[in-house]
Each structure stands twice: as C-alpha cells, then as structure tokens.
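The block underneath contains the structure these notes are about, expressed in structure tokens.
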Amino acid sequence: QVQLVEFGGGLVQPGGSLRLSCAASGSIFRINVMGWYRQAPGKERELVAGTTSGGRTNYADSVKGRFTVSRDNTKNTVYLQMNSLMPEDTAVYYCNLGVVEKSGRYNAYWGQGTQVTVSS
C-alpha cells in the first residue's frame, strides 16, 4: 500500500507564487513517473506537468514558463513551483505517481488533492 499526501495549496493573488509538494510513503521500491493534474469547477481534469525518473519534464502549454516540476527521489517527493499565477489557474491540484512497490507490482496512485485559488 502507498499513500500520497499533498501540501502547499492556498489562496494567492494574481501574480503570486505557490509551491506544491506531494510525498509518497508505504511499500515503495521506486517511483518512475510523477505528474501534476488539476481540475477546475465544471471542467475536466487536465495534465499540468510531469517528470520521469530520468528527469525529463513536460508541461501544458498554458503553464510553460510559469510552472516548474521537480523531484527528490531520496524523499519520494515531487514538487510543483507555480509562479505568475492567474485566476484561470484556480483548481484542485492532484499529484499522480507511478510506483514500483516492494512486491514488484507497478501501480499508479493519486493524492487527495489540494485547492489553489487565485483571486484578488
């Protein structure tokens, strides 16, 4: 069993910054991929940023140049640095991790979600 806990959401004014973190714990052998998704009210969940174990990253066009995803493998943690935030960034943000468990099983896990609200 693997659990993900997200931190860092909150209320911020346009142009401000937030840093989200997602820490995994449990029967973890290796985390191959880490991704951040978001879902705004009335909209579909979308991929925001992702990173592989080798450090390759990808971003949604809407956040390129503003968001940065990184990972610390020793802490089983992925981060999302969000700068120049806009009202359209308002959403619940979810982390998603592809985990190789100690049993050898590979499963994807979702965090509980953290609310990011960008408003004056």
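The values are calculated or read from the model by the stated rules, or taken from the named source; none is laboratory data. No experiment lies behind these values; they were computed from the predicted model shown. When the accessible area is computed, the model is the full protein with side chains, heavy atoms only, and any ligands, DNA or RNA have been set aside. Shrake-Rupley method; radii C 1.70, N 1.55, O 1.52, S 1.80 Å.
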Per-residue HN-Hα couplings for segment 114-120, Karplus 6.51 cos²θ - 1.76 cosθ + 1.60 at θ = phi - 60°, whole Hz, x for Gly and Pro? 9, 7, 10, 10, 10, 7, 7
What is the projected area of the convex hull of the Cα atoms of segment 7-118, averaged over all directions, in nm²? 6.7
5 Å is the cut-off here: which amide hydrogens, built 1.01 Å from N in the peptide plane, fall below it relative to V33, excluding neighbours closer than 5 in sequence? G98
Per residue, how large is the accessible surface of segment 43-120? Use a 1.4 angstrom probe and give square angstrom. 53
Around G113, which amide H atoms from residues at least 5 apart in sequence, or from another chain, sit under 5 Å from its own amide H, with H modelled in the peptide plane? E6, C95
How about K102: which lysines have a C-alpha closer than 20 Å to its C-alpha, ignoring those fewer than 8 places off in the same chain? K75
Report the normalised scattering of segment 21-61 as log10 I(q)/I(0) at q = 0.19, 0.24, 0.34 Å⁻¹, calculated by the Debye formula with identical scatterers on the alpha carbons. -0.69, -0.90, -1.16
Ignoring ligands, DNA and RNA, please state the percent of accessible area on the chain from carbon and sulfur, probe 1.4 Å. 48
